[in-house]
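Only the coordinates and a few stated rules stand behind these numbers; no lab work does. Note that the structure is a prediction, hence the values are computed from the model and not measured. Cβ atoms come from the backbone with ideal geometry, glycine included; neighbour counts cover every protein chain shown.
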Protein chains: 4
Amino acid sequence: MQPIRILATGGTFDKEYNELTGELFFKDTHIGDMLRLGRCHLEVEVEPVMMIDSLQMTDADRDLILRRCQEASETRIVITHGTDTMEQTAAVLGPRVTGKTVVLTGAMVPYTFGSSDGMFNLGTALAFVQTLAPGVYVAMNGRCFPWDGVRKNRRKGVFETKPRQDA
Amino acid sequence: MQPIRILATGGTFDKEYNELTGELFFKDTHIGDMLRLGRCHLEVEVEPVMMIDSLQMTDADRDLILRRCQEASETRIVITHGTDTMEQTAAVLGPRVTGKTVVLTGAMVPYTFGSSDGMFNLGTALAFVQTLAPGVYVAMNGRCFPWDGVRKNRRKGVFETKPRQDA
Amino acid sequence: MQPIRILATGGTFDKEYNELTGELFFKDTHIGDMLRLGRCHLEVEVEPVMMIDSLQMTDADRDLILRRCQEASETRIVITHGTDTMEQTAAVLGPRVTGKTVVLTGAMVPYTFGSSDGMFNLGTALAFVQTLAPGVYVAMNGRCFPWDGVRKNRRKGVFETKPRQDA
Amino acid sequence: MQPIRILATGGTFDKEYNELTGELFFKDTHIGDMLRLGRCHLEVEVEPVMMIDSLQMTDADRDLILRRCQEASETRIVITHGTDTMEQTAAVLGPRVTGKTVVLTGAMVPYTFGSSDGMFNLGTALAFVQTLAPGVYVAMNGRCFPWDGVRKNRRKGVFETKPRQDA
């Protein structure tokens, strides 16, 4: 069993409802709870890197995520991430992370709202990260896409294949 | 995207609470609901084969599951199954299914009871079945075991590696 | 068993999560689902009057709610309402609805988010409306307040007694 | 605000799923969690008296519940109880508890199974106990029945009026 690092960056995955203001906000990551609920017995280290909406993510934030991937002692890394800019972060990591399998995943519905796709996606991401060759991938909707072959269809809320551009 | 067949056989996955008798029972499989909840966009065909507790599963039942694996046009098959005898069914399929990737999975807590590990396990199984070489596997606790290298630790409720026996 | 009318006006009770935009919005009322889930066997008529955040509620909206109370054939009426301006609406109804028991209730957390106080509050409101003398009340936090003796403590998110003003 | 005592005796309310054996069992009462979830701000004391299926309840158990009602300093008491013999316990308490309002309630689905009617019923019971005259009542399905005017329709899983017997 190879150790896996999960870098938590926020996103819908970890949004909560503030009952005083009626707004959504971030507090702590729920990845630990989700792993317990899933009865996950992998060797996993959860590292909260930031807790933000991916629409707020800056170049500096993506640099930090890249560094955390490069510096991690594990060669298998899952990143939980908002879905809105997941492909941008994947595109930063894709050409720069070598010798490691990195899988980005997210959720369309917050975990705390009960009917989340997060548990399902986290399951797929942890399975893909154990079995795929080194590279950077996006795991959503049960599928796994290479970092340069994916886009979010914002109208449908679904990830789909993007034709790879030739250089 | 390769088509996947899910053979539903029952197990804790699909148990429901009968509020008139206070007992657990089976009605229909929830796999379809779970795939919708997971926003799964794989090409999946769900086939209910039986709806039973795996402690009730007979040799004839396992023969039926085997035949459904052999006859399926898909080469990637997930079987949802009670955890109590998952390794026995895997041992029936292991030497007899060739050229196909078959992943058995299950749940410790019924899906209808809210806090289920089923969504997580279903996610892992669907990811493993897309990426692993032909063979028969058990996907539980985030891990994937070869059919002849797994046992359920009944005291802990966890699947673990079983040393393979030499012939 | 006396018939009860439920006037649904929206509020946190009925907010849903739009997974395409990440925002909260209104679609249909969930009161019918909640009554089924509660195995409620009262004679209840659910009437959606509006589906809005109570911060958006205008004088015209409150007039409409008042008219629906006055015109209802039932003498026992529950109003589901956003918590932010529940006391204002109660103050409009209080002096104007006569010979009927009217109970306003709401929720701090949307029903669709799983961990809602809505089921509990709806239960209290339906019990209070069956047992209290004619008048207008607010039922929140397990308590029942007369319309002119309640205020929302916004800092704590809790309803509390307001000293009644002498004329 | 008058203090309320909740006597927890078990019943479906508090059943949990044992994921090692696949059976339902009792551990601790969930009433405290439910009150927190309901954002209840009543002055409530929860007293676990026993944790059993009401089909197992003996005369001695009912005597104990009676004594706890009689000895309680509060004059308003809610009893959470299995639905199968709720009317028997009510019939023991009815003629023997004087000067106090006692409301028995229960659930058809365990709280831990997510889709419970328990939150709704607990809400109704706490409202009825605050508003009804001294006496012993059963609160189920949104309704409140006098102790000698109720029976459980086992086929439908619903409580209904039983014609009172003349002496």
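What the table shows:
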| read-out | value |
| --- | --- |
| Residue mean of other protein chain beta carbons inside 10 Å, C:26-33 | 0 |
| Table column - 3J(HN,Hα) (Hz), the stretch C:2-16, Karplus curve with 6.51, -1.76, 1.60, x for Gly and Pro | 8, x, 10, 9, 10, 8, 8, 10, x, x, 3, 2, 10, 6, 10 |
| Nitroxide proxy distance, nm - points 7 Å out along Cα→Cβ at residue D:131 and residue A:36 | 3.9 |
| Beta bridge orientation in the protein assembly as shown: antiparallel %, DSSP, nearest 5 | 40 |
| Axis-nearest residue of C (beta carbon) for the C-onto-B rotation, whole Å | C:114, 4 |
| Alpha carbon centroid spacing (whole Å) that separates the stretch B:93-167 from the stretch A:54-89 | 30 |
| Peptide B:123-136 - average C-beta neighbours from other chains (10 Å radius) | 6 |
| For the stretch B:79-92, 3J(HN,Hα) per residue [Karplus equation, 6.51 cos²θ - 1.76 cosθ + 1.60, θ = phi - 60°, Hz, x = Gly/Pro] | 10, 8, 7, x, 7, 5, 10, 4, 5, 5, 4, 4, 6, 6 |
| Order by protection proxy (mean Cβ within 10 Å, highest first), peptides D:5-18, B:151-164 | D:5-18, B:151-164 |
| Förster radius 35 Å - calculated FRET efficiency between residue D:51 and residue B:98, Cβ distance, rounded to 0.05 | 0.10 |
| Square roots of five times the Cα gyration tensor eigenvalues for the protein assembly as shown, Å | 49, 32, 20 |
| Per-residue ³J(HN,Hα) for the stretch B:69-78, Karplus 6.51 cos²θ - 1.76 cosθ + 1.60, θ = phi - 60°, Hz, x for Gly and Pro | 5, 5, 7, 4, 6, 6, 9, 10, 10, 10 |
| Per-residue average of Cβ from other chains inside 10 Å of B:37-46 | 6 |
| For residue C:6, residues with placed amide H under 5 Å, excluding near neighbours | C:45, C:46, C:47, C:78 |
| Antiparallel DSSP beta bridges within chain C, as percent of all bridges there, nearest 5 | 40 |
| 5 Å-binned pair-distance histogram of the stretch B:13-55 (Cα, whole percent) | 5, 19, 23, 20, 16, 11, 4, 1 |
| Over 24 Å (Cα to Cα) - which of A:15/B:15; B:27/B:156; B:15/D:156; A:27/A:156 fall in this group | A:15/B:15; B:27/B:156; A:27/A:156 |
| Compactness relative to 2.2 N^0.38 Å, alpha carbon Rg of chain A | 0.97 |
| Simple spin-label estimate for residue C:154 and residue C:28 in nanometres, 7 Å along Cα-Cβ | 3.4 |
| Residue D:71 versus residue B:59: modelled label distance in nm, points set 7 Å from Cα along the beta carbon direction | 6.1 |
